[in-house]
1. Give the ranking of Ser206, Ser256 by solvent-accessible surface, highest area first, calculated with a 1.4 Å probe.
2. Keeping all protein chains in the complex and leaving out DNA, RNA and ligands, what accessible area do you get for Thr327 with a 1.4 Å probe, in Å² to the nearest 10?
3. When the chain is treated as a GNM, springs tying every alpha-carbon pair under 10 Å, which of Gly18, Gly333, Gly62 comes out with the largest mean-square fluctuation?
4. I need to check one value: relative contact order of region 1-151, counting alpha carbon pairs closer than 8 Å and at least 6 residues apart, in percent.
5. Please give the solvent-accessible surface of Lys302 in Å², to the nearest 10, using a probe radius of 1.4 Å with every protein chain present.
6. Can you tell me the accessible area per residue over region 327-378, all protein chains present, probe 1.4 angstrom, in square angstrom?
7. So what's the angle, to the nearest 10 degrees on a 0 to 90 scale, between helix 176-195 and the longest Cα principal axis of the chain?
8. If Lys and Arg each add +1 and Asp and Glu each add -1, what is the summed charge of the other residues whose beta carbon sits under 14 Å from the beta carbon of Asp286?
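The values are calculated or read from the model by the stated rules, or taken from the named source; none is laboratory data. Computed from a predicted model, the values in this text were never measured in an experiment. Heads up, the Cβs are rebuilt from the backbone with ideal geometry, glycines too, and the neighbour counts pull from every protein chain shown. Surface areas here come from the heavy atoms of the whole protein model, side chains and all, with no ligands, DNA or RNA. Shrake-Rupley method; radii C 1.70, N 1.55, O 1.52, S 1.80 Å.
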Amino acid sequence: MWKPVRLFAFKKKFDFLGQRRAALIISTLINVVSIVGVLTIGLNFGIDFKGGIAIQAKAKDGKAELDQLRNTVGALGVGEVSLQEFGDPSTVLIRVQRQEGDNQCVAGAQRVMQKTAGQGWLVKPGPVGTGDVQFTSPSALDSANWRDAVSRAGLTLQERQLPRGSTNTANIDMSIEQRAEWCQQVAIKLVEDAIGSNYELRGTESVGPKIGDELMRSGIYAVIATMFAIAIYVWVRFEWQFAVGALIAMLHDVISTIGVFVLFQLDFSLTALAAVLTIAGYSINDTVVIFDRVRENMRRYKKMPLLDLLNHSINETLSRTLMTSATVFVAVGALVLFGGPVLHSFSVAMLWGVIVGTYSSVWVACAGLVYLGLRADQLRPADDKADKGGDTEKAGA
């Protein structure tokens, strides 16, 4: 009756672990390249980890248009921009990445000066290796007028920085760090000028890199704690060989996913960290289903060689593995195509996670059982439910 629905005759006799050595070489290369990439190229950290500016704005009429705001603020040359609704639909939180004090920031300061102090103002960076900035006014100004003029660009001059006498050029000496701090104010003024006609700025806050370091440290601890907690659960649920195999598979998936972030220079933010944790959870879910079938078959076929038994167990759960992976792949693929820039990093990482999580369940976790010397006599006595195969029948259905 259901034969017309079956598009393919599925032959479940694949020798997966016959290719375990080739898979081991490929997995090792991927992880080594990922680690080298992190150490040499580095991750493209987002606002959450680098710090930046948080601006709360409220629409003067109606609700906030996030897409329009993202395009407007993104065109200002202030780097990465992140937006989200804040409280109600008319209020939005605009987050702009921490400014580096580069020449683009200085060019932004010139736009601010020409907008607030009049045309004819020029702002140029000082000598390379310094944070100095040179202001040129259309007419000569004394010290008091210079202080007032540059304050329009968010720069407060100290007495020693003020030019002496009346002049139309002022060389403001600053350290590189001081110029970077000043550029935060320039970015705020650029955003305010770009959206001020339609939005009211309710407050601004500068987030320093120290907070980002704390978030990164907490995120690393969260990933490590999650993986070890899962490994302990697998150890209690199965045997220590299963726990070690699962831990190695999760490490493989996490490291290779970070390599994807390095390769494509995807924005690595808290959302990306959530993707890494989700991938670890997805990977162990598929791995536990296969492990459960392996344990059941070890009790059922006590004299079957381990390689044959592992291949048999993988083939028995293959339909479940492929259906689950294909379903998630389609859903995440839709996020990649239509999710927009906010979810781009998360969805690309998850798409890779579906692929590598399925791969590692077979060629990393199960192959690890071979090298760890798992034997049937090491299994704990089976309870009634395990003897009947209840767990596996439900999970592998």
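1. Numbers: Ser206 65, Ser256 5 Å².
From most accessible down to least: Ser206, Ser256.
2. 90 Å²
3. For the chain, modelled as a Gaussian network with Cα springs under 10 Å, the answer is Gly62.
4. Values: 138 pairs, mean separation 23.0, N = 151.
Rounded, it is 15 percent for region 1-151.
5. 140 Å²
6. Details: 2370 Å² over 52 residues.
Result: 46 Å² of accessible area for each residue.
7. 90 degrees
8. Values: positive: Arg293, Arg320; negative: Asp253, Asp292, Glu316.
Residues close to Asp286 contribute a combined charge of -1.
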